[in-house]
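Asker: Okay, here's the structure, questions in a sec.
The values are calculated or read from the model by the stated rules, or taken from the named source; none is laboratory data. Just so you know, these numbers come straight off a predicted model, no measurement behind them. A quick note on method: Cβ atoms are made from the backbone with ideal geometry, for glycine too, and the neighbour counts reach across all protein chains shown. For accessibility, only protein heavy atoms count, side chains too; no ligands or nucleic acids. Shrake-Rupley method; radii C 1.70, N 1.55, O 1.52, S 1.80 Å.
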Amino acid sequence: MKPDKTPLILGILAVALALVYFLPLQIYVRHILILTLLYAFLGTGWNLMCGYAGRLSLGHSAFVAVGAYTSLLLFANFGITPWIGMLAGGVFAVIVMLLIAYPSFRFGVKGPYFTLGSIALAEIVHNLLIYFREYTGGSLGMSLPYQPTSLALFQFDGKEPYYIIILVFWLAAVFLTWKMERTRYYLEAIREDDDAAAALGISVNKNLIIAACISAFLVAIGGTFYVQYYRYIDPYSIAGFTLSLNIALVVVIGGSGTILGPTIGSFLIIPITEILRMSLGASMPGLHLFLYGILLILCIIFLPKGITSIPGIMRAKKAKKDNQLNQGAEGVL
Amino acid sequence: MSEKVLIVDNISKRFGGLQATNQVSFHVNQNEILGIIGPNGAGKSTLFNLITGFYFIDSGAITYKGERIDGLTPDKICHKGITRTFQVARPFGGLSVADNILVACLPKSKKVSEARERVHEVLKIVGLEKKADALGADLTTLERKRLELGKALATNPEVLLLDEVMTGLKPAEMDEMMELIKELRKTKTIVVVEHVMRVIMNISDRIIVLDHGQKIAEGLPKEIAEDPIVIEAYLGRGTK
């Protein structure tokens, strides 16, 4: 049994990222880092249900939106600090998740049907946000009422505090995933074969629901961060399909069903997308999406299990080579 | 020795127009090996699915150690102490062999580290130590059967339901598997569904015979082998 290196890698990564805080970075670079960590955080939340348990959701923007709008509405209308609004949004997202997850898991909806259901859920949330325009501003979106820098109100004039906050969120989410060792194993077994898992004494529905609820809660918290950071949200950007897809892609490219896969995927994809957009967006509009698409295709062809599968592939190749050498030696003898 | 651990009382199950199990009753004694045989489609696997909660019975009762277990879900039944294997081995293909066993050890372990300590022991029993790092999906048929048994053993059951663990094995491998099962019966109660007559006659203390969802015979291996009703069910009536 190999020793678990995850805490070591996570520790080094966290310290390195904390040190980056002190570097005199350009605002834009800092923005990319914040965005990267936000996607790493959202992806880590998504990964629990969709990576480990294999219940692929392409509608997780629904929960981002629930989190974002809940904390924003509570703040804008009642002056409730977004820190509390964030928790309220998380709880609300869990309730929304239970509405769809409980019947789905109870009646064994999985595979493409589950994915379609998740897309429909995000679409419903999207349309509800547009429909209730008196409260949400409809498709025009909603701005965060401006406050001068205040930790209590989760608003800052510079980018640095946001960087620290999302770094802590990300670290907490990854640490939580790592700590849930037993649940992770159960979810993997359920993903591979839920009947066989049940036969071994694993409660399939209970574990799926735990994963789904934590997933929704984390992603909703990401929603609150989003609105506090951007200070503006609209249904298209926060409850739309693009956001759902991006969260999923980051994880799939990095390695779904692994602790650090979402983070690795995010650190690869988000900076590349942003840099491509910055350098080519003005001169050749659309080219960055074209290159992004090619990158995705290459990843899916050559690394279907994500970047975190590379060490495993290398080991398997080496084992095969050793095996052949051994057989060759036996042949000579 | 002769305490009745598992009592199946008059259970029936119907799937649409098919009466898969029809008023079947039997019991299993402590530390006994009970063989269940019958032609294809006789309802042997259905019986396992009913006992372990994968299907619910339409009528009757299943009692384990004096407690009704019909109506419980598969995971709860496993926790009570009854574990089944699947006729077609179902390894967790994306997990390593060691992790397959680990997952099976976990539900009854307080800590993950405690489960981890047991993995090697189980791998050794089923002879898969060298395959510990291989993926479940990459195993051969024999290895899959071994892993299937290993997963079931890892749950530390009191009653083990083995669904055709011999199918697809070579004669020498069968002998090995039989020795293993005989070894296991020292501590466990075992119910075996099997097609291979040589195996079932060799290892069973008692045998029940199913045909078209009904129990048509019950007795010692020798009695069963000579029972005309059983012979007819298997070979059909002669054309006199």
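Asker: Any idea which of B:145, B:215, B:182 is surrounded by 15 or more Cβ atoms within 10 Å (Cβ to Cβ), assigned to a helix (DSSP H, G or I) and either aliphatic (A, V, I, L, M) or touching a residue at least 12 places away in the same chain (Cβ under 8 Å) (or both)?
Answerer: Working: B:215 fails: assigned to a helix (DSSP H, G or I); B:182 fails: surrounded by 15 or more Cβ atoms within 10 Å (Cβ to Cβ).
Unique residue meeting the criteria: B:145.
Asker: I've got another one for you. Residue check, residue A:43 against (1) part of a helix (DSSP H, G or I); (2) out of contact with any Cys (no Cβ under 9 Å at 6 or more places or on another chain); (3) more than 24 Å from residue A:269 (Cα to Cα), all met but one. Which one?
Answerer: Of (1) part of a helix (DSSP H, G or I); (2) out of contact with any Cys (no Cβ under 9 Å at 6 or more places or on another chain); (3) more than 24 Å from residue A:269 (Cα to Cα), only one is false for residue A:43: (3).
Asker: Could you pull out the residue among A:129, A:121 that is touching a residue at least 24 places away in the same chain (Cβ under 8 Å), under 23 Å from the mean Cα position of the chain (by Cα) and farther than 17 Å from residue A:226 by Cβ?
Answerer: On the way: A:129 fails: farther than 17 Å from residue A:226 by Cβ.
None of the others qualify; the one that does is A:121.
Asker: Residue B:7 versus (1) open to solvent by less than 30 Å² (accessible area, probe 1.4 Å); (2) more than 14 Å from chain A (Cβ to nearest Cβ); (3) among the β-branched types (Val, Ile, Thr): which is the lone unmet condition?
Answerer: Only one criterion in (1) open to solvent by less than 30 Å² (accessible area, probe 1.4 Å); (2) more than 14 Å from chain A (Cβ to nearest Cβ); (3) among the β-branched types (Val, Ile, Thr) is unmet by residue B:7, namely (1).
Asker: Which members of the stretch A:148-195 meet the condition of being assigned to a helix (DSSP H, G or I) and acidic (Asp, Glu)?
Answerer: Let us first name the residues in the stretch A:148-195 that are assigned to a helix (DSSP H, G or I), namely A:160-179, A:181-192, A:194-195.
Once the filter is applied, which keeps residues that are assigned to a helix (DSSP H, G or I) and acidic (Asp, Glu), the stretch A:148-195 yields A:160, A:181, A:188, A:192, A:194, A:195.
Asker: While we're looking at this one, here's another question. Which residues, counting only those in the stretch A:130-174, are of a type in the set (Gly, Ala, Ser) and within 25 Å of residue A:266 (Cα to Cα)? Spell out the reasoning first.
Answerer: Filtering the stretch A:130-174 down to residues of a type in the set (Gly, Ala, Ser) leaves A:137-139, A:141, A:143, A:150, A:152, A:158, A:172-173.
A:158, A:172, A:173 - these are the residues of the stretch A:130-174 that are of a type in the set (Gly, Ala, Ser) and within 25 Å of residue A:266 (Cα to Cα).
Asker: Go through B:149, B:180 for me and flag whichever is at pLDDT below 90 and either in contact with a Ser or Thr (Cβ under 8 Å, 6 or more places away or on another chain) or within 18 Å of residue B:31 (Cα to Cα) (or both). If you could, list the steps in order and put the result at the bottom.
Answerer: Details: B:149 fails: at pLDDT below 90.
Sole residue among the options that is at pLDDT below 90 and either in contact with a Ser or Thr (Cβ under 8 Å, 6 or more places away or on another chain) or within 18 Å of residue B:31 (Cα to Cα) (or both): B:180.
Asker: In addition: I need the helices (runs of 4 or more DSSP H) fully contained in the stretch B:63-141, keeping only those with at least 2 residues that are more than 29 Å from residue B:50 (Cα to Cα). Step through it out loud before you land on a result.
Answerer: Working: elements: B:74-80, B:97-105, B:112-125.
So the answer is B:112-125.
Asker: Filter the stretch A:197-208 for residues that are part of a helix (DSSP H, G or I) and surrounded by 24 or more Cβ atoms within 10 Å (Cβ to Cβ); which is farthest from the other protein chains (Cβ to nearest Cβ)?
Answerer: To start, the set of residues in the stretch A:197-208 that are part of a helix (DSSP H, G or I) comprises A:197-199, A:204-208.
From what's left, surrounded by 24 or more Cβ atoms within 10 Å (Cβ to Cβ): A:197, A:199, A:207-208.
Details: A:197: 7, A:199: 6, A:207: 10, A:208: 12 Å.
So, considering only residues that are part of a helix (DSSP H, G or I) and surrounded by 24 or more Cβ atoms within 10 Å (Cβ to Cβ), the one farthest from the other protein chains (Cβ to nearest Cβ) is A:208.
Asker: If you don't mind, another one. In this structure, is residue B:94 within 14 Å of another protein chain (Cβ to nearest Cβ) and open to solvent by less than 50 Å² (accessible area, probe 1.4 Å)? Talk me through it step by step, then tell me what you get.
Answerer: Values: within 14 Å of another protein chain (Cβ to nearest Cβ): yes; open to solvent by less than 50 Å² (accessible area, probe 1.4 Å): yes.
Considered against the rule, which asks whether it is within 14 Å of another protein chain (Cβ to nearest Cβ) and open to solvent by less than 50 Å² (accessible area, probe 1.4 Å), residue B:94 comes out as yes.
Asker: Could you tell me which numbered condition residue B:126 fails, if it satisfies all but one of (1) more than 23 Å from residue B:164 (Cα to Cα); (2) surrounded by 21 or more Cβ atoms within 10 Å (Cβ to Cβ); (3) in contact with a Gly (Cβ under 7 Å, 6 or more places away or on another chain)?
Answerer: The number of the failed condition is (1).
Asker: So the check is Cβ under 9 Å with 6+ separation or different chains; which pairs have a first residue in the stretch B:48-63 that's within 14 Å of chain A (Cβ to nearest Cβ) and closer than 21 Å to residue A:106 by Cβ and a second one that's among the aromatic types (Phe, Trp, Tyr) and assigned to a helix (DSSP H, G or I)?
Answerer: Taking only residues 6 or more apart or on different chains, the pairs are B:54/B:48.
Asker: Restricting to the stretch A:143-179, give me the number of residues that are in contact (Cβ under 8 Å) with a residue 60 or more places away in the chain and within 14 Å of chain B (Cβ to nearest Cβ).
Answerer: Within the stretch A:143-179, the subset in contact (Cβ under 8 Å) with a residue 60 or more places away in the chain is A:143-146, A:152-155, A:159-160, A:162-167, A:169-171, A:173-175, A:177-178.
Those left that are additionally within 14 Å of chain B (Cβ to nearest Cβ): A:178.
Within the stretch A:143-179, residues that are in contact (Cβ under 8 Å) with a residue 60 or more places away in the chain and within 14 Å of chain B (Cβ to nearest Cβ) number 1.
Asker: Also, quick follow-up: I need every pair where a residue in the stretch B:154-179 that is more than 14 Å from every other protein chain (Cβ to nearest Cβ) has its Cβ under 9 Å from the Cβ of a residue that is open to solvent by 40 Å² or more (accessible area, probe 1.4 Å) and acidic (Asp, Glu), sequence separation at least 6 or different chains.
Answerer: Listed by first residue and then by second, the contacts come to B:169/B:176.
Asker: OK, next. Give the stretch A:269-302 a look and list any residue that's under 19 Å from residue A:33 (Cβ atoms) and in contact (Cβ under 8 Å) with a residue 24 or more places away in the chain, or say none.
Answerer: A:269, A:270, A:271, A:274, A:275, A:278
Asker: Provide a single number: the residues in the stretch A:165-192 that are modelled with pLDDT under 95 and farther than 30 Å from residue B:92 by Cα.
Answerer: So the count comes out to 0.
Asker: Consider only pairs whose beta carbons are under 9 Å apart and that are at least six residues apart or on different chains; among these, list those whose first residue lies in the stretch B:108-130 and is more than 26 Å from residue B:76 (Cβ to Cβ) and at the interface with chain A (Cβ under 10 Å from one of its Cβ atoms) and whose second residue is open to solvent by 60 Å² or more (accessible area, probe 1.4 Å) and outside any helix (DSSP H, G or I).
Answerer: Matching pairs, first to second residue: B:120/A:1.
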